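The structure under discussion appears below in the form of structure tokens.
The values are calculated or read from the model by the stated rules, or taken from the named source; none is laboratory data. Keep in mind that this is a model prediction, so the values were computed, not measured. A quick note on method: Cβ atoms are made from the backbone with ideal geometry, for glycine too, and the neighbour counts reach across all protein chains shown.
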Amino acid sequence: MSRLSRDYPEWAHEVDARLPVAAQVVLAGNVDDLHLCPVATPSGTMFSLRQTHQVLDDVLTANAYSVVLHWHVAAGLSVLSETVPGTAQKIVGDEVWGTRAEPTAAGLTVLLERVVRARQCRVAVVVDGAHRLSPDPRALDVHRMFVAGQFLSQDAPRVSMGPKERPGVYNTVIWLADRESALPSWLVGATRVSVVSLPQPGLAARRRTADVLVGGLPGYQELPERERAQVAVDLAEQTEGMRLADMMAVTPAARDRGIPAHDVGDAVRFLRSGVDRSPWRDDDLLARIRDAARSLNEVVLGQPRAVRHVVDVLARAALGLSGAQSSGHPTRPKGVMFFAGPTGVGKTELAKQIAKIVFGREEAMLRFDMSEFAAEHHEARLLGAPPGYVGHGEGGELTNAVRRNPFRLLLFDEIDKANPRILDKFLQILEDGRLTDASGSTVYFTETLIVFTSNAGMMRRVKDAEGKELDEYEPVVKPGTCYAVLESAVRTAIHDAFVKIGRPELMNRIGDNVVVFNYITATVARDLLRRNLDHLTATVRKQSGYQVDVTDGVRAVLDVEVGKDNRLVFGGRSVNTVVESRVLNPLGRELITMAPNARCTVTEVWEDEDGPGLQAEEGMR
């Protein structure tokens with residue numbers, strides 16, 4: 001039967017339950033946090049935030065421990081509580097007591113033996129920062145200390161303090177570590193050693209903490225009662241994944257930055273990102289999104305349905321409505337899109353333009369080619385190298401980038417080519433909006449836009465008459481196919497591709513945010529051709545001084561070339577190829593024979609056994 005009131009954290013009750021059966025307890029996890037605990041006052045029960053070892057002192061004194069000692073890896077030995085002054089010194093011994101300000105592994109070994117063997121009263125010691133002690137056998141003093149701890153757990157006697165007290169409780173050693181693996185496995189698995197997990201605070205604990213903290217927010221006292229309650233709810237929800245110790249910084253941060261109580265989410269974001277002005281709160285953002293359909297359709301040609309879907313996602317992100325239909329995590333990314341369809345139709349270009357609209361510049365887009373992450377160990381590039389490997393502590397490409405600037409568009413190109421174990425990391429990002437890197441630091445993706453791209457299902461291998469696959473490919477759905485048929489085929493292919501690799505849940509997280517691009521039409525290909533030719537002539541003039549014109553007749557010949565079905569399959573890239581091979585390369589051969597800064601006109605293009613060629617007449621407009 002627990003000696004604690006029900007208002008104590010669940011982990012404290014679990015430690016209480018282990019005292020009769022375990023001589024030592026490893027408390028692993030969120031040990032450096034604060035915890036909300038009840039405090040009895042004349043007017044009733046209040047709550048205060050207390051450190052882990054202080055909560056353990058309550059647990060132990062409630063079980064009639066006469067002495068509770070605290071040994072810290074940096075501060076040394078101190079007394080948390082003792083019923084009779086001077087008892088702790090008698091138990092520990094003068095030689096250890098006199099050096100308590102100089103923590104050493106040898107001194108801790110003696111301390112553990114004295115505590116466990118004590119008979120005159122019930123004693124406990126809390127070893128704080130145990131994860132800072134090296135379990136490496138080469139650190140002999142530390143190794144001997146852990147070995148002593150293991151044997152003491154096997155031989156520890158029970159200490160009974162009378163019929164009214166809880167019988168058969170050991171003199172207890174409690175190890176505080178940030179993770180169970182920080183201690184030797186042979187100690188953690190020893191006889192009469194129990195492990196208790198101390199998790200991150202849940203919503204209920206954050207809500208009670210929020211009730212304590214919101215009173216200090218600017219303007220809180222002037223709010224109506226209903227709005228006050230909502231501020232506490234918002235603070236609890238927005239701090240998903242944060243420690244209670246971190247929540248305490250929200251109030252001073254809000255006061256320092258002048259953030260009112262009803263915008264408490266801005267104070268939380270400031271703590272996480274260090275940025276107190278979010279691009280998502282830009283006064284001009286909604287105006288840019290209202291104009292986005294026009295501007296995007298001018299840049300990404302022939303994809304009106306994709307553009308419309310993107311604008312919808314941006315609108316709800318800017319209005320704070322992402323996930324409004326469900327009670328999802330408030331730390332999820334602002335928006336998630338999966339661009340699918342043929343190659344060369346503007347998927348990457350559309351992502352660049354989204355970054356420009358929301359964050360003001362195309363460089364806010366960070367692109368990862370996921371074909372480079374086909375092996376499981378490539379995870380280290382994203383999250384950082386694990387302990388013991390070269391580069392540990394330097395962080396990963398993804399986590400470092402988001403930590404430095406959380407306001408980004410993250411483009412994961414050809415996501416279906418990544419290793420399935422790496423895809424599991426995206427499940428956490430999409431669900432919780434956060435990721436823990438190899439060094440144990442948490443990175444939040446709350447302010448990001450995430451775009452995946454894939455060409456999955458667009459091409460298939462050609463089979464011969466006998467059904468044998470050849471080293472040739474053909475489109476599954478050909479250019480000119482009805483969009484509804486193409487969309488259905490692409491969605492089915494994507495679903496099948498992720499089922500095949502055993503990750504259908506990734507598509508479940510993305511939901512209906514799959515944006516299917518269409519093949520470009522012959523008309524769009526001709527528009528792209530004109531754009532590319534104009535860009536080519538402008539670049540030639542700027543870089544080399546030559547003024548080049550292209551006649552309508554040449555443009556008509558190239559129009560026919562880019563409008564062929566076998567070209568349309570490869571989208572805008574095939575247009576680039578035509579311009580490069582039929583115009584740019586032979587043009588270079590002609591220009592080097594002309595006088596500097598000459599004007600010329602391309603009047604004819606052809607292709608023969610020697611390859612592409614053209615006629616460029618100097619001096620013509």
Among the residues listed as ALA351, ALA375, ALA385, ALA364, the single one being out of contact with any helix residue (DSSP H, G or I) (no Cβ under 8 Å at 6 or more places or on another chain), at pLDDT 90 or above, aliphatic (A, V, I, L, M) and surrounded by fewer than 22 Cβ atoms within 10 Å (Cβ to Cβ): ALA375
Residue count, region 64-84 (criterion: assigned to a loop (DSSP other than H, G, I, E, B) and at pLDDT 90 or above): 4
Residue match in region 578-595 (condition: under 18 Å from GLU617 (Cα atoms), touching a helix residue (DSSP H, G or I) at 6+ places or on another chain (Cβ under 8 Å) and without any contact (Cβ under 8 Å) to a residue 40 or more places away in the chain): yes
Residue check, PHE445 hydrophobic (A, V, I, L, M, F, W, C), under 21 Å from THR239 (Cα atoms) and touching a helix residue (DSSP H, G or I) at 6+ places or on another chain (Cβ under 6 Å): yes
Selected residue [among the basic types (Lys, Arg), more than 19 Å from the chain's Cα centre (by Cα) and under 24 Å from ARG434 (Cα atoms)] from ARG226, ARG281: ARG281
Checklist (1) modelled with pLDDT of 90 or more; (2) of a type in the set (Ser, Thr, Tyr); (3) part of a strand (DSSP E or B) applied to SER48, failing item: (1)
Residues satisfying the stated conditions in region 267-289, i.e. more than 19 Å from THR399 (Cα to Cα), touching a residue at least 12 places away in the same chain (Cβ under 8 Å) and outside any helix (DSSP H, G or I): ASP276, SER278
Residues satisfying the stated conditions in region 13-45, i.e. assigned to a strand (DSSP E or B) and either charged (D, E, K, R) or over 22 Å from LEU187 (Cβ atoms) (or both): LEU34, HIS35, LEU36, CYS37, PRO38, VAL39, ALA40, THR41, GLY44, THR45
Yes/no for VAL250 being assigned by TED's automatic domain parsing to the domain that holds VAL451 and modelled with pLDDT of 90 or more: no
Among (1) at pLDDT 90 or above; (2) farther than 30 Å from ALA401 by Cα, the one test that THR448 misses: (2)
Subset of region 403-441 [of a type in the set (S, T, N, Q) and farther than 17 Å from PHE452 by Cα]: ASN405, THR436, SER439, SER441
Residues of region 290-325 that turn out to be assigned to a helix (DSSP H, G or I) and either small (Gly, Ala, Ser) or over 30 Å from ALA525 (Cα atoms) (or both), as a count: 8
THR109 vs. criteria modelled with pLDDT of 85 or more and either over 27 Å from VAL15 (Cβ atoms) or surrounded by 14 or more Cβ atoms within 10 Å (Cβ to Cβ) (or both): yes
Single residue of region 85-106 satisfying the filter (on the phi < 0 side of the Ramachandran plot and assigned to a loop (DSSP other than H, G, I, E, B)) that is modelled with the highest pLDDT: PRO85
Filtered residues of region 476-516 (kept if part of a loop (DSSP other than H, G, I, E, B), more than 14 Å from PRO420 (Cα to Cα) and of a type in the set (D, E, K, R)): LYS478, ASP512
Residue count for region 264-298, restricted to those that are loosely packed, with under 14 Cβ neighbours inside 10 Å, small (Gly, Ala, Ser) and modelled with pLDDT of 90 or more: 1
Count - residues of region 317-348 that are modelled with pLDDT of 90 or more and among the basic types (Lys, Arg): 2
Residue in region 299-307 that is over 30 Å from ALA484 (Cβ atoms), without any contact (Cβ under 8 Å) to a residue 40 or more places away in the chain and surrounded by fewer than 20 Cβ atoms within 10 Å (Cβ to Cβ) present: no
Every residue from region 227-255 that is of a type in the set (Val, Ile, Thr) and in a loop (DSSP other than H, G, I, E, B): THR239
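Scanning for something of a type in the set (Val, Ile, Thr), at pLDDT 85 or above, under 25 Å from PHE426 (Cβ atoms) and assigned to a helix (DSSP H, G or I), does region 520-532 turn up at least one residue?
no
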Selection status of ALA456, without any contact (Cβ under 8 Å) to a residue 60 or more places away in the chain, within 29 Å of MET365 (Cα to Cα) and of a type in the set (Gly, Ala, Ser): no
